[in-house]
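All remarks here apply to the structure that follows.
The values are calculated or read from the model by the stated rules, or taken from the named source; none is laboratory data. These numbers were taken from a predicted model, which means no experiment stands behind them. With ideal geometry, Cβ positions are generated from the backbone for all residues, glycine too; neighbour counts draw on all protein chains shown.
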Amino acid sequence: MSPTKHVLWSLCALIVITLCFELSNLDLWVQNFLYDRSSQEWLLKIDGHPWRHFFFYNGPKRLLPALELALVVSLLFFRKHRLIQQYHQGLLIVLIALPLGPAVVSSLKATTNVACPYALSQYGGEIPYIKIFESYPLGEIPEKQQRCFPAGHASGGFALLALYYLPKAPRRRRQMLGLALAIGWSMGAYKMLLGHHFTSHTIISMVLCWLVVNCIALMVTPHKATPPNARQPP
């Protein structure tokens, strides 16, 4: 499938997914399984588990910038190497997507004013639950801007969806896609289990990053026009 079709499908997915969560209480239904009301605690806690927090949070936050730096060094100083030339196009897509995907997500977080689950009155907090296009009730508007939608941490992992464009073979591309999804969802699920995000936050972050990746691929991938009189293969 071409990047253009991926972009169109991503836009359709954003609309359908947003409406699905906006017109239902699916977020609350899923999140209730992750919260123990008897102890008023989430299934996972940061305190007392430094290695787990490093593996799912601090570690990826350090490794992804390191990968970005390695790509910059490779494309600048080893651009004549056979492997760099062979995968130059895919490496360039990954290089741009790694910071741009999270940047798009972060820009949306600054405007949506959606609170995290742990801050909501349903889960021991003080802020009322609202959906994306709803407004807070008068007298219950949070003093500070809420920055929980979409999922920022998971966007770093989902930016790796750009690895899809690194290999040429379809089978290898599917493997890269599966790897990126596994990394993104492990990072996103960890934050959900801590009560930091709803399901929709993570799904929207994933689709947005895939949209960004394919927009970059549209600009980076050369498009060869077919001559009007060219004979089409049988």
Of the conditions (1) exposed (fewer than 14 other Cβ atoms within 10 Å of the Cβ); (2) of a type in the set (Gly, Ala, Ser); (3) in a helix (DSSP H, G or I), SER135 fails just one. Which one is it?
(3)
Within region 32-47, which residues are in contact with a helix residue (DSSP H, G or I) (Cβ under 8 Å, 6 or more places away or on another chain) and either modelled with pLDDT of 95 or more or closer than 28 Å to ILE17 by Cβ (or both)?
LEU34, TYR35, TRP42, LEU43, LEU44
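Evaluate the following for LYS109: is it assigned to a helix (DSSP H, G or I) and in contact (Cβ under 8 Å) with a residue 60 or more places away in the chain?
On the way: assigned to a helix (DSSP H, G or I): yes; in contact (Cβ under 8 Å) with a residue 60 or more places away in the chain: no.
So LYS109 fails the test.
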If you take the residues in region 189-215 that are of a type in the set (Ser, Thr, Tyr) and either in a loop (DSSP other than H, G, I, E, B) or touching a residue at least 60 places away in the same chain (Cβ under 8 Å) (or both), which one is nearest to PHE54 (Cα to Cα)?
TYR190
Given (1) out of contact with any helix residue (DSSP H, G or I) (no Cβ under 8 Å at 6 or more places or on another chain); (2) at negative phi; (3) not hydrophobic (A, V, I, L, M, F, W, C), number of the condition GLY90 does not satisfy
(1)
Enumerate the pairs (first residue in region 122-140 and within 16 Å of PHE198 (Cα to Cα); second residue anywhere and assigned to a loop (DSSP other than H, G, I, E, B) and among the small types (Gly, Ala, Ser)) with beta-carbon separation below 7 Å, excluding pairs fewer than 6 apart on the same chain, so at least 6 apart or on different chains.
TYR123/GLY195; ILE127/ALA115
Based on what the data block shows, is SER186 part of a helix (DSSP H, G or I) and closer than 19 Å to VAL7 by Cβ?
no
Under 8 Å by Cβ, and 6 or more places apart or on different chains, what pairs join a residue from region 52-64 that is more than 18 Å from ALA162 (Cα to Cα) with one that is buried (at least 17 other Cβ atoms within 10 Å of the Cβ) and among the hydrophobic types (A, V, I, L, M, F, W, C)?
ARG52/LEU44; PHE56/MET187; TYR57/MET187
With under 18 Å from VAL114 (Cα atoms), buried (at least 16 other Cβ atoms within 10 Å of the Cβ) and either small (Gly, Ala, Ser) or at pLDDT below 95 (or both) as the only criterion, which of ALA154, ALA180, ALA162, ALA217 stands out?
ALA154
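Listed here are the residues, each with its yes/no results for (1) part of a helix (DSSP H, G or I); (2) small (Gly, Ala, Ser); (3) at pLDDT 90 or above.
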{"residue": "LEU14", "(1), (2), (3)": "yes, no, yes"}
{"residue": "LEU19", "(1), (2), (3)": "yes, no, yes"}
{"residue": "VAL30", "(1), (2), (3)": "yes, no, yes"}
{"residue": "ASN58", "(1), (2), (3)": "yes, no, yes"}
{"residue": "ARG62", "(1), (2), (3)": "yes, no, yes"}
{"residue": "LEU69", "(1), (2), (3)": "yes, no, yes"}
{"residue": "LYS80", "(1), (2), (3)": "no, no, no"}
{"residue": "GLY90", "(1), (2), (3)": "yes, yes, yes"}
{"residue": "ILE93", "(1), (2), (3)": "yes, no, yes"}
Under the condition of being modelled with pLDDT under 95 and among the aliphatic types (A, V, I, L, M), which residue from region 128-151 is nearest to CYS209 (Cα to Cα)?
ILE132
Residue selected from region 3-49 under the condition without any contact (Cβ under 8 Å) to a residue 12 or more places away in the chain and among the β-branched types (Val, Ile, Thr), by the criterion surrounded by the most Cβ atoms within 10 Å (Cβ to Cβ)
VAL16
Is it fair to say ALA159 is in contact (Cβ under 8 Å) with a residue 60 or more places away in the chain and either touching a Cys at 6+ places or on another chain (Cβ under 6 Å) or part of a helix (DSSP H, G or I) (or both)?
yes
